[in-house]
Amino acid sequence: MLALWGPVGIFAIIAIGFSLTPMVISQLLRPNRPDPIKLSTYECGMETVGTTWIQYYVSFYVYALVFVVFDVETVFLYPWAVAYGQLGLFALGEMLIFVGILVIGLVYALKKQALRWW
């Protein structure tokens, strides 16, 4: 068992060492001069007037989530398009089912008016 997992453990220790060593060295070598101005939150350089807490519409988040879902799903089309010549008709049918599910999701989002801004 050790012969199988030993190299994995060694590589894990090396990977942890490679990631922790620069952080420890930079922590030791960096200048540490805290200042209230450095520690303050920087927005745009101007002090805010009035309340800074505002409420966003939920539809903005839903719109963003629908965009991310369709954007990620589009990424799955690229490997299929690259290997299309080798895959044959079965892969074409699978991709048509996949795109059909995406279209059904888009129609559902449009029916629920999830893509409306206001």
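Residue by residue, here is whether (1) over 27 Å from the mean Cα position of the chain (by Cα); (2) at pLDDT below 80; (3) loosely packed, with under 10 Cβ neighbours inside 10 Å; (4) among the small types (Gly, Ala, Ser) holds:
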| position | (1), (2), (3), (4) |
| --- | --- |
| Ala12 | no, no, no, yes |
| Pro31 | yes, no, yes, no |
| Tyr57 | no, yes, no, no |
| Ala83 | no, no, no, yes |
| Leu87 | yes, no, no, no |
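The helices (runs of 4 or more DSSP H) falling completely within the stretch 1-99 include none with 3 or more residues that are among the basic types (Lys, Arg) and free of Cβ contacts under 8 Å to residues at least 12 places away in the same chain.
The values are calculated or read from the model by the stated rules, or taken from the named source; none is laboratory data. What you see is a predicted model, and the numbers here were worked out from it, not measured in a lab. Methodologically, a virtual Cβ is constructed for each residue, glycine included, from the backbone with ideal geometry; neighbour enumeration extends over all protein chains shown.
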